[in-house]
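See below for the structure under consideration.
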Amino acid sequence: MSNKIIKLKPGKEESLLRHHPWVFSGAIASMPSDIEEGEEVTVTDNKGNVLGVGHYQIGSITVRILEFGKDSLSDDFFERRLRSAFALRQTLGLIRPDNNCFRLVHGEGDFLPGLVVDIYGDTAVVQAHSPGMHFARRKVADALTLIPEARIRNVYYKSETTLPYKAHLDPENEYLIGSYDGNIAIENGLQFNIDWLKGQKTGFFVDQRENRALLEKFSKGRKVLNMFCYTGGFSVYAMRGGALSVDSVDSSSKAVALTDANIDLNFPGDPRHHTHDTDAFKFLTDMKKDEYDLIILDPPAFAKHRSAIKNGLIGYRKLNGKAFDKIKSGGILFTFSCSQAITKEMFRLAVFSAAAKSGRKVRILHQLSQPADHPVDISHPEGEYLKGLVLYVE
Ligand code: SAH
(Lines give C-alpha, C1' and ligand atoms only; values in the text may rest on other atoms or scores of the structure.)
Protein backbone atom coordinates (compact mmCIF):
# COMPACT_ATOMS: atom_id res chain seq x y z
CA MET A 1 0.00 0.00 0.00
CA SER A 2 1.38 3.38 -0.89
CA ASN A 3 1.73 6.21 1.61
CA LYS A 4 -0.64 9.10 2.01
CA ILE A 5 0.64 12.32 0.50
CA ILE A 6 1.36 15.61 2.23
CA LYS A 7 1.69 18.43 -0.29
CA LEU A 8 3.63 21.57 0.58
CA LYS A 9 2.82 25.18 -0.25
CA PRO A 10 4.77 26.65 -3.20
CA GLY A 11 8.35 27.51 -2.17
CA LYS A 12 8.13 25.56 1.10
CA GLU A 13 10.22 22.72 -0.34
CA GLU A 14 13.43 24.82 -0.07
CA SER A 15 14.61 23.57 3.33
CA LEU A 16 13.85 19.96 2.41
CA LEU A 17 15.86 20.28 -0.78
CA ARG A 18 18.74 21.30 1.50
CA HIS A 19 18.01 18.15 3.56
CA HIS A 20 16.70 19.79 6.70
CA PRO A 21 14.48 16.95 7.99
CA TRP A 22 11.56 18.84 9.55
CA VAL A 23 8.30 19.83 7.86
CA PHE A 24 6.46 22.49 9.90
CA SER A 25 2.66 22.60 9.96
CA GLY A 26 2.64 26.08 8.34
CA ALA A 27 4.35 24.72 5.20
CA ILE A 28 1.57 22.28 4.37
CA ALA A 29 -0.87 23.01 1.52
CA SER A 30 -2.94 19.85 1.72
CA MET A 31 -3.09 16.44 3.32
CA PRO A 32 -5.72 13.72 3.76
CA SER A 33 -7.81 14.14 6.90
CA ASP A 34 -7.35 10.54 8.01
CA ILE A 35 -3.57 10.52 8.52
CA GLU A 36 -2.79 9.01 11.90
CA GLU A 37 -0.23 9.94 14.49
CA GLY A 38 3.05 8.18 13.70
CA GLU A 39 2.08 7.10 10.18
CA GLU A 40 4.64 6.88 7.37
CA VAL A 41 3.84 9.61 4.83
CA THR A 42 5.24 10.89 1.53
CA VAL A 43 5.94 14.60 1.21
CA THR A 44 5.79 16.35 -2.16
CA ASP A 45 6.26 19.90 -3.39
CA ASN A 46 3.27 21.83 -4.70
CA LYS A 47 3.65 20.30 -8.15
CA GLY A 48 3.64 16.76 -6.81
CA ASN A 49 7.39 16.05 -7.05
CA VAL A 50 8.47 13.65 -4.30
CA LEU A 51 10.67 15.25 -1.65
CA GLY A 52 10.91 12.41 0.82
CA VAL A 53 9.29 9.99 3.21
CA GLY A 54 8.90 10.41 6.94
CA HIS A 55 6.86 10.04 10.09
CA TYR A 56 3.78 12.17 10.62
CA GLN A 57 3.08 13.76 13.99
CA ILE A 58 0.40 16.15 15.21
CA GLY A 59 2.15 19.36 16.21
CA SER A 60 4.36 22.13 14.96
CA ILE A 61 6.91 19.71 13.48
CA THR A 62 4.45 17.71 11.40
CA VAL A 63 6.78 15.38 9.50
CA ARG A 64 10.26 14.17 10.32
CA ILE A 65 11.86 13.04 7.07
CA LEU A 66 13.67 9.71 7.24
CA GLU A 67 14.72 9.39 3.61
CA PHE A 68 14.95 12.16 1.01
CA GLY A 69 13.99 11.62 -2.62
CA LYS A 70 12.00 8.41 -1.95
CA ASP A 71 8.27 7.86 -1.58
CA SER A 72 8.46 4.92 0.82
CA LEU A 73 10.89 3.23 3.19
CA SER A 74 12.46 0.01 1.98
CA ASP A 75 12.30 -3.09 4.20
CA ASP A 76 15.98 -2.81 5.04
CA PHE A 77 15.77 0.91 5.93
CA PHE A 78 16.54 0.55 9.66
CA GLU A 79 19.22 -2.05 9.07
CA ARG A 80 21.00 0.26 6.59
CA ARG A 81 20.82 3.26 8.89
CA LEU A 82 21.97 1.29 11.94
CA ARG A 83 24.86 -0.30 10.05
CA SER A 84 26.01 3.12 8.94
CA ALA A 85 25.68 4.46 12.50
CA PHE A 86 27.71 1.50 13.79
CA ALA A 87 30.39 1.98 11.14
CA LEU A 88 30.81 5.59 12.28
CA ARG A 89 31.31 4.51 15.91
CA GLN A 90 33.92 2.01 14.71
CA THR A 91 35.65 4.82 12.83
CA LEU A 92 35.60 6.86 16.03
CA GLY A 93 37.39 4.06 17.89
CA LEU A 94 34.67 3.78 20.51
CA ILE A 95 34.28 0.01 20.38
CA ARG A 96 37.13 -1.46 22.41
CA PRO A 97 37.58 -3.91 25.27
CA ASP A 98 38.01 -0.91 27.60
CA ASN A 99 35.04 1.00 26.17
CA ASN A 100 31.67 -0.62 25.48
CA CYS A 101 29.47 2.34 26.22
CA PHE A 102 28.53 4.83 23.49
CA ARG A 103 25.62 6.41 21.64
CA LEU A 104 24.79 4.42 18.53
CA VAL A 105 21.96 6.59 17.25
CA HIS A 106 21.63 10.31 17.88
CA GLY A 107 18.36 11.23 16.16
CA GLU A 108 18.78 13.63 13.25
CA GLY A 109 22.57 13.36 13.60
CA ASP A 110 22.27 9.76 12.38
CA PHE A 111 19.47 10.51 9.90
CA LEU A 112 16.96 8.85 12.22
CA PRO A 113 14.89 11.73 13.61
CA GLY A 114 13.03 10.79 16.77
CA LEU A 115 15.31 7.87 17.71
CA VAL A 116 18.05 7.53 20.31
CA VAL A 117 19.98 4.31 20.98
CA ASP A 118 22.64 4.03 23.66
CA ILE A 119 24.80 0.92 23.97
CA TYR A 120 25.91 -0.43 27.35
CA GLY A 121 27.90 -3.61 26.73
CA ASP A 122 25.51 -6.11 25.19
CA THR A 123 22.38 -4.09 25.99
CA ALA A 124 20.92 -1.43 23.71
CA VAL A 125 18.60 1.11 25.31
CA VAL A 126 16.17 2.49 22.72
CA GLN A 127 14.32 5.74 23.21
CA ALA A 128 11.58 7.06 20.90
CA HIS A 129 10.94 10.79 20.78
CA SER A 130 8.25 10.59 18.09
CA PRO A 131 5.13 8.42 17.68
CA GLY A 132 6.52 7.10 14.39
CA MET A 133 9.60 5.72 16.13
CA HIS A 134 7.39 4.28 18.88
CA PHE A 135 5.49 2.28 16.27
CA ALA A 136 8.77 1.28 14.61
CA ARG A 137 10.38 0.11 17.87
CA ARG A 138 10.23 -3.61 17.09
CA LYS A 139 11.69 -3.08 13.62
CA VAL A 140 14.50 -1.09 15.24
CA ALA A 141 15.10 -3.83 17.82
CA ASP A 142 15.21 -6.52 15.14
CA ALA A 143 17.53 -4.47 12.96
CA LEU A 144 19.92 -4.04 15.92
CA THR A 145 20.37 -7.80 16.05
CA LEU A 146 21.32 -7.85 12.36
CA ILE A 147 24.68 -6.19 13.09
CA PRO A 148 26.67 -9.15 14.43
CA GLU A 149 29.76 -7.04 15.23
CA ALA A 150 27.66 -5.00 17.67
CA ARG A 151 26.96 -8.15 19.72
CA ILE A 152 23.69 -6.81 21.07
CA ARG A 153 21.81 -9.44 23.06
CA ASN A 154 19.25 -7.34 24.90
CA VAL A 155 17.15 -4.43 23.71
CA TYR A 156 15.39 -2.34 26.34
CA TYR A 157 12.75 0.13 25.24
CA LYS A 158 12.45 3.21 27.46
CA SER A 159 10.12 5.90 26.19
CA GLU A 160 7.73 6.52 29.07
CA THR A 161 8.95 10.09 29.46
CA THR A 162 10.10 11.00 25.95
CA LEU A 163 6.97 10.69 23.82
CA PRO A 164 4.52 13.58 23.46
CA TYR A 165 1.92 12.91 26.15
CA LYS A 166 -0.86 14.25 23.94
CA ALA A 167 -0.32 11.30 21.58
CA HIS A 168 -1.76 8.98 24.29
CA LEU A 169 0.55 6.16 23.33
CA ASP A 170 1.11 5.03 26.92
CA PRO A 171 4.39 3.32 26.08
CA GLU A 172 5.58 0.71 28.49
CA ASN A 173 9.24 0.43 29.37
CA GLU A 174 10.15 -3.15 28.52
CA TYR A 175 12.69 -5.54 27.06
CA LEU A 176 11.88 -6.02 23.39
CA ILE A 177 14.64 -8.60 23.08
CA GLY A 178 16.44 -10.54 25.82
CA SER A 179 16.27 -9.56 29.45
CA TYR A 180 18.32 -8.07 32.25
CA ASP A 181 21.73 -9.71 32.48
CA GLY A 182 23.88 -7.24 34.36
CA ASN A 183 24.30 -3.52 34.06
CA ILE A 184 27.99 -2.71 34.27
CA ALA A 185 29.40 -0.80 31.32
CA ILE A 186 33.00 0.25 30.71
CA GLU A 187 33.93 3.75 29.65
CA ASN A 188 37.61 4.49 29.02
CA GLY A 189 38.54 1.63 31.34
CA LEU A 190 36.30 2.78 34.19
CA GLN A 191 33.29 0.77 35.29
CA PHE A 192 29.81 2.21 35.73
CA ASN A 193 26.54 0.76 37.02
CA ILE A 194 23.99 1.91 34.48
CA ASP A 195 20.44 2.14 35.75
CA TRP A 196 18.42 2.10 32.56
CA LEU A 197 15.41 0.77 34.44
CA LYS A 198 14.99 3.73 36.77
CA GLY A 199 17.68 6.26 35.89
CA GLN A 200 17.35 9.50 33.94
CA LYS A 201 17.53 9.41 30.14
CA THR A 202 18.88 6.01 29.08
CA GLY A 203 20.62 5.66 32.44
CA PHE A 204 23.88 7.51 31.85
CA PHE A 205 25.08 10.75 30.31
CA VAL A 206 27.19 9.23 27.57
CA ASP A 207 27.65 12.71 26.10
CA GLN A 208 30.19 13.80 28.73
CA ARG A 209 32.72 11.03 28.01
CA GLU A 210 35.37 13.20 26.31
CA ASN A 211 34.88 16.03 28.77
CA ARG A 212 35.30 13.64 31.69
CA ALA A 213 38.53 12.38 30.10
CA LEU A 214 39.79 15.97 29.84
CA LEU A 215 38.87 16.60 33.47
CA GLU A 216 40.96 13.61 34.50
CA LYS A 217 44.05 15.37 33.16
CA PHE A 218 43.42 18.43 35.32
CA SER A 219 42.68 16.50 38.53
CA LYS A 220 46.09 15.60 39.92
CA GLY A 221 46.64 17.13 43.36
CA ARG A 222 43.42 19.13 43.24
CA LYS A 223 40.45 19.36 45.55
CA VAL A 224 37.53 18.62 43.29
CA LEU A 225 33.87 19.62 43.65
CA ASN A 226 31.48 17.86 41.25
CA MET A 227 28.11 19.65 41.28
CA PHE A 228 25.02 17.91 39.82
CA CYS A 229 26.98 14.65 39.90
CA TYR A 230 24.14 12.22 38.93
CA THR A 231 26.05 8.91 38.42
CA GLY A 232 29.34 10.46 39.51
CA GLY A 233 30.94 10.24 36.08
CA PHE A 234 33.22 13.24 36.54
CA SER A 235 34.03 12.13 40.10
CA VAL A 236 35.26 8.69 39.05
CA TYR A 237 37.58 10.22 36.42
CA ALA A 238 38.85 12.80 38.93
CA MET A 239 39.70 9.97 41.35
CA ARG A 240 41.68 8.14 38.67
CA GLY A 241 43.38 11.41 37.75
CA GLY A 242 44.87 11.64 41.24
CA ALA A 243 42.64 14.23 42.93
CA LEU A 244 43.43 14.95 46.59
CA SER A 245 39.74 14.84 47.41
CA VAL A 246 36.46 14.66 45.49
CA ASP A 247 33.12 15.95 46.77
CA SER A 248 30.03 15.03 44.73
CA VAL A 249 26.77 16.94 45.14
CA ASP A 250 23.25 16.13 43.90
CA SER A 251 19.81 16.93 45.29
CA SER A 252 18.51 13.49 44.35
CA SER A 253 19.20 10.74 46.88
CA LYS A 254 19.03 8.17 44.07
CA ALA A 255 21.78 10.03 42.19
CA VAL A 256 23.94 10.19 45.30
CA ALA A 257 23.48 6.43 45.80
CA LEU A 258 24.50 5.81 42.17
CA THR A 259 27.61 7.94 42.62
CA ASP A 260 28.55 6.07 45.79
CA ALA A 261 28.08 2.75 43.99
CA ASN A 262 30.26 3.83 41.05
CA ILE A 263 33.04 5.08 43.31
CA ASP A 264 32.90 1.79 45.23
CA LEU A 265 33.08 -0.16 41.99
CA ASN A 266 36.29 1.55 40.89
CA PHE A 267 37.91 2.75 44.13
CA PRO A 268 36.49 0.62 46.95
CA GLY A 269 37.02 2.12 50.38
CA ASP A 270 38.94 5.14 49.04
CA PRO A 271 38.66 7.86 51.70
CA ARG A 272 39.17 10.72 49.22
CA HIS A 273 35.54 10.72 48.07
CA HIS A 274 32.40 12.10 49.77
CA THR A 275 28.84 12.58 48.55
CA HIS A 276 26.40 15.31 49.60
CA ASP A 277 22.68 14.91 49.10
CA THR A 278 21.75 18.58 48.92
CA ASP A 279 20.77 21.48 46.68
CA ALA A 280 23.66 22.77 44.58
CA PHE A 281 22.90 26.46 45.10
CA LYS A 282 22.69 25.96 48.87
CA PHE A 283 25.96 23.99 48.89
CA LEU A 284 27.78 26.71 46.96
CA THR A 285 26.35 29.44 49.20
CA ASP A 286 27.26 27.65 52.43
CA MET A 287 30.73 26.40 51.48
CA LYS A 288 33.90 28.22 52.52
CA LYS A 289 35.93 30.27 50.08
CA ASP A 290 39.10 28.68 48.63
CA GLU A 291 37.97 25.16 49.60
CA TYR A 292 38.17 23.79 46.03
CA ASP A 293 40.49 24.35 43.10
CA LEU A 294 38.59 22.29 40.52
CA ILE A 295 34.84 22.74 40.22
CA ILE A 296 32.46 21.08 37.76
CA LEU A 297 29.05 22.63 37.07
CA ASP A 298 26.95 20.32 34.91
CA PRO A 299 23.34 21.22 35.74
CA PRO A 300 20.18 19.94 34.06
CA ALA A 301 18.94 22.06 31.13
CA PHE A 302 17.85 25.41 32.61
CA ALA A 303 16.05 26.33 29.36
CA LYS A 304 14.16 23.42 27.83
CA HIS A 305 12.29 25.72 25.42
CA ARG A 306 12.90 29.05 23.77
CA SER A 307 10.41 30.69 26.11
CA ALA A 308 12.70 29.81 29.01
CA ILE A 309 15.92 31.31 27.57
CA LYS A 310 15.85 34.49 29.66
CA ASN A 311 15.36 32.71 32.98
CA GLY A 312 17.79 30.01 31.94
CA LEU A 313 20.52 32.58 31.35
CA ILE A 314 19.81 34.15 34.74
CA GLY A 315 20.25 30.67 36.25
CA TYR A 316 23.60 30.07 34.52
CA ARG A 317 24.81 33.53 35.57
CA LYS A 318 23.85 32.94 39.18
CA LEU A 319 25.34 29.44 39.35
CA ASN A 320 28.64 30.39 37.72
CA GLY A 321 28.79 33.56 39.84
CA LYS A 322 28.73 31.46 43.00
CA ALA A 323 31.55 29.29 41.70
CA PHE A 324 33.67 32.34 40.76
CA ASP A 325 33.11 33.78 44.25
CA LYS A 326 34.37 30.65 45.97
CA ILE A 327 36.97 28.91 43.77
CA LYS A 328 40.58 29.09 44.89
CA SER A 329 42.98 31.27 42.92
CA GLY A 330 44.61 29.17 40.21
CA GLY A 331 41.47 27.05 40.11
CA ILE A 332 39.88 25.36 37.14
CA LEU A 333 36.18 25.58 36.41
CA PHE A 334 34.45 23.12 34.06
CA THR A 335 31.07 24.69 33.30
CA PHE A 336 28.34 23.29 31.02
CA SER A 337 24.95 23.94 29.54
CA CYS A 338 22.93 21.19 27.86
CA SER A 339 20.04 23.52 26.97
CA GLN A 340 19.49 23.24 23.23
CA ALA A 341 17.70 26.62 23.16
CA ILE A 342 20.76 28.41 24.55
CA THR A 343 23.51 28.94 21.99
CA LYS A 344 27.18 28.74 22.84
CA GLU A 345 27.44 32.51 22.40
CA MET A 346 24.59 33.12 24.87
CA PHE A 347 26.11 30.72 27.36
CA ARG A 348 29.54 32.27 27.06
CA LEU A 349 28.05 35.72 27.61
CA ALA A 350 26.23 34.53 30.76
CA VAL A 351 29.46 33.06 32.13
CA PHE A 352 31.36 36.22 31.15
CA SER A 353 28.81 38.40 33.02
CA ALA A 354 29.26 36.23 36.10
CA ALA A 355 33.06 36.48 35.81
CA ALA A 356 32.94 40.28 35.36
CA LYS A 357 30.70 40.68 38.41
CA SER A 358 32.98 38.53 40.56
CA GLY A 359 36.01 40.65 39.64
CA ARG A 360 38.08 37.49 39.03
CA LYS A 361 40.55 37.26 36.18
CA VAL A 362 39.29 34.43 33.96
CA ARG A 363 40.78 32.79 30.90
CA ILE A 364 39.18 30.25 28.57
CA LEU A 365 41.35 27.14 28.24
CA HIS A 366 39.00 24.88 26.29
CA GLN A 367 35.66 25.20 24.54
CA LEU A 368 33.79 21.94 24.81
CA SER A 369 30.88 20.35 23.00
CA GLN A 370 29.10 17.05 22.56
CA PRO A 371 31.27 14.11 21.45
CA ALA A 372 31.42 12.64 17.97
CA ASP A 373 28.98 9.84 18.78
CA HIS A 374 26.41 12.66 19.12
CA PRO A 375 26.98 14.03 15.61
CA VAL A 376 25.23 17.07 14.18
CA ASP A 377 23.73 16.74 10.70
CA ILE A 378 25.12 19.82 8.93
CA SER A 379 21.64 20.52 7.52
CA HIS A 380 20.18 20.46 11.04
CA PRO A 381 22.10 22.82 13.32
CA GLU A 382 19.38 22.38 15.98
CA GLY A 383 21.13 19.09 16.81
CA GLU A 384 23.86 20.98 18.64
CA TYR A 385 23.04 21.19 22.34
CA LEU A 386 25.95 20.56 24.71
CA LYS A 387 28.47 23.32 25.29
CA GLY A 388 31.06 23.84 27.95
CA LEU A 389 34.00 25.98 28.95
CA VAL A 390 37.13 25.11 30.88
CA LEU A 391 38.24 28.24 32.68
CA TYR A 392 41.36 29.21 34.57
CA VAL A 393 40.39 31.47 37.44
CA GLU A 394 42.96 33.69 39.17
N1 SAH B 1 27.04 15.60 35.49
C2 SAH B 1 26.22 14.43 35.33
C3 SAH B 1 24.89 14.73 34.68
C4 SAH B 1 24.07 15.77 35.40
S5 SAH B 1 22.36 15.56 35.18
C6 SAH B 1 27.00 13.37 34.56
O7 SAH B 1 28.11 13.59 34.10
O8 SAH B 1 26.45 12.28 34.40
C9 SAH B 1 21.74 16.74 36.27
C10 SAH B 1 21.70 16.31 37.74
O11 SAH B 1 21.39 17.48 38.49
C12 SAH B 1 20.61 15.29 38.11
O13 SAH B 1 21.22 14.18 38.72
C14 SAH B 1 19.70 16.01 39.11
O15 SAH B 1 19.27 15.18 40.18
C16 SAH B 1 20.61 17.10 39.63
N17 SAH B 1 19.95 18.31 40.11
C18 SAH B 1 18.93 18.99 39.55
N19 SAH B 1 18.68 20.12 40.25
C20 SAH B 1 19.58 20.17 41.28
C21 SAH B 1 19.85 21.09 42.33
N22 SAH B 1 19.15 22.21 42.46
N23 SAH B 1 20.88 20.83 43.16
C24 SAH B 1 21.61 19.71 43.02
N25 SAH B 1 21.40 18.80 42.05
C26 SAH B 1 20.40 19.02 41.19
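The values are calculated or read from the model by the stated rules, or taken from the named source; none is laboratory data. Values in this document were obtained by computation on a predicted structure and should not be read as measured data. Please note: Cβ atoms are built from the backbone with ideal geometry, for glycine as well, and neighbour counts cover all protein chains shown. To get the accessible areas, we keep the full protein, side chains included, count just its heavy atoms, and leave off ligands, DNA and RNA. Shrake-Rupley method; radii C 1.70, N 1.55, O 1.52, S 1.80 Å.
Over the alpha-carbon set of region 244-394, divide Rg by the Kirkwood Rh and report the Rg/Rh ratio to two decimals.
Here the Rg-to-Rh quotient is 0.98.
Could you give me D for region 5-136, from Stokes-Einstein at 37 °C and 0.692 mPa s, where the hydrodynamic radius is the Kirkwood radius over C-alpha pairs? Units µm² s⁻¹, please.
210
Go ahead and run the numbers for FRET between L176 and E345, Cβ-Cβ distance against an R0 of 25 Å, rounding to 0.05.
Efficiency, rounded to the nearest 0.05: 0.05.
Would you compute the Debye intensity of region 130-219 from its alpha-carbon atoms alone, equal scatterers and no solvent, and pass along log10 I(q)/I(0) at q = 0.12, 0.26 Å⁻¹ to two decimals?
Each listed q maps to, in turn, -0.49, -1.37.
Just name one of H380, A354, L265: the one whose Cα is farthest towards the positive end of the charge dipole of region 265-394 (beta-carbon charges, Lys/Arg +1, Asp/Glu -1).
About the Cα centre, the residue reaching furthest to the positive side is A354.
Across 5 Å bins from the origin, how do the percents of Cα pairs in region 257-335 run, short distances first?
3, 12, 19, 19, 19, 15, 8, 3, 1, 0
Counting only heavy atoms of the protein chains, get the accessible area per residue of region 1-153 (1.4 Å probe) and round it to a whole Å² value.
Here the per-residue accessible area is 45 Å².
When 1/r is averaged over all different Cα pairs and the result inverted, which Kirkwood radius in Å belongs to region 48-114?
Across region 48-114, the inverse of the average 1/r is 13.6 Å.
Quick one: which residues, 5 or more positions from Y157 or on another chain, have an amide H under 5 Å from its amide H? H modelled 1.01 Å from N in the peptide plane, none for Pro or chain starts.
Long-range HN contacts for Y157: V126, E174, Y175, L176.
Any chance you could give the angle, 0 to 90 degrees and rounded to 10, that helix 77-91 forms with the longest Cα principal axis of the chain?
30
Quick check: with the 1.4 Å probe, what order do C101, C338 take by accessible area, largest first?
C338, C101
Of T161, T123, which has the most accessible area with a 1.4 Å probe, and how do the rest follow in descending order?
T161, T123
Among DSSP bridges having both ends in the chain, what percentage is antiparallel? Round to the nearest 5.
65
Can you give the charge dipole size of the chain about its Cα centre, rounded to the nearest 20 debye, using +1 on the beta carbon of Lys and Arg and -1 on the beta carbon of Asp and Glu?
1600
Convert each backbone phi in region 199-208 into a coupling constant with the Karplus relation 6.51 cos²θ - 1.76 cosθ + 1.60 (shift: θ = phi - 60°), then list the ³J(HN,Hα) values in order as whole Hz, x for Gly and Pro.
Running phi through 6.51 cos²θ - 1.76 cosθ + 1.60 with θ = phi - 60° gives x, 6, 6, 8, x, 7, 8, 4, 6, 9 Hz.
Assign one of three labels to region 192-314, namely rounded, prolate or oblate, based on the Cα gyration tensor with a ≥ b ≥ c the square roots of its eigenvalues; rounded applies when a/c is under 1.5, prolate when it is not and a/b is larger than b/c, and oblate otherwise.
In terms of gyration-tensor shape, oblate.
Kirkwood Rh over alpha-carbon pairs of the chain, then Stokes-Einstein at 37 °C and 0.692 mPa s: what D in µm² s⁻¹, rounded to an integer?
Taking Rh from Cα pairs, D becomes 147 µm²/s.
How big is the accessible area of M133 in square angstrom, nearest 10, if you roll a 1.4 angstrom probe over the protein chains?
0
Of all the C-alpha pairs in region 29-82, what % are more than 13 Å from each other?
Of all Cα-Cα distances in region 29-82, 62 percent exceed 13 Å.
Once phi is turned into θ = phi - 60°, what whole-Hz ³J(HN,Hα) does the Karplus curve with 6.51, -1.76 and 1.60 give for every residue of region 243-252, x standing for Gly and Pro?
The phi angles translate into 4, 5, 8, 9, 10, 10, 10, 7, 7, 9 Hz.
Roughly how many Å is it from the Cα centre of region 169-198 to that of region 61-103, as a whole number?
Here the answer is 20 Å between Cα centres.
Residue by residue through region 335-348, which ³J(HN,Hα) values in whole Hz follow from phi under the Karplus form 6.51 cos²θ - 1.76 cosθ + 1.60 (θ = phi - 60°), with glycine and proline marked x?
10, 10, 9, 10, 7, 5, 6, 9, 6, 5, 5, 4, 5, 4
Please report the base-10 log of the normalised intensity I(q)/I(0) for region 316-394, using a Debye sum with one equal scatterer per alpha carbon and no solvent, at each q in 0.23, 0.24 (1/Å).
Taken in order of the listed q values, log10 I(q)/I(0) reads -1.01, -1.08.
Could you grab the relative contact order for the chain? Cα pairs under 8 Å, six or more apart, rounded to a whole percent.
11
For a quick check: with amide H placed at 1.01 Å from N, whose amide H comes under 5 Å from A29's, ignoring anything fewer than 5 positions away on the same chain?
For A29, the qualifying residues are K7, L8, K9.
For L104, list long-range residues whose amide hydrogen, built 1.01 Å from N in the peptide plane, is under 5 Å from its own amide hydrogen.
Answer set, sorted by chain and number: V117, D118, I119.
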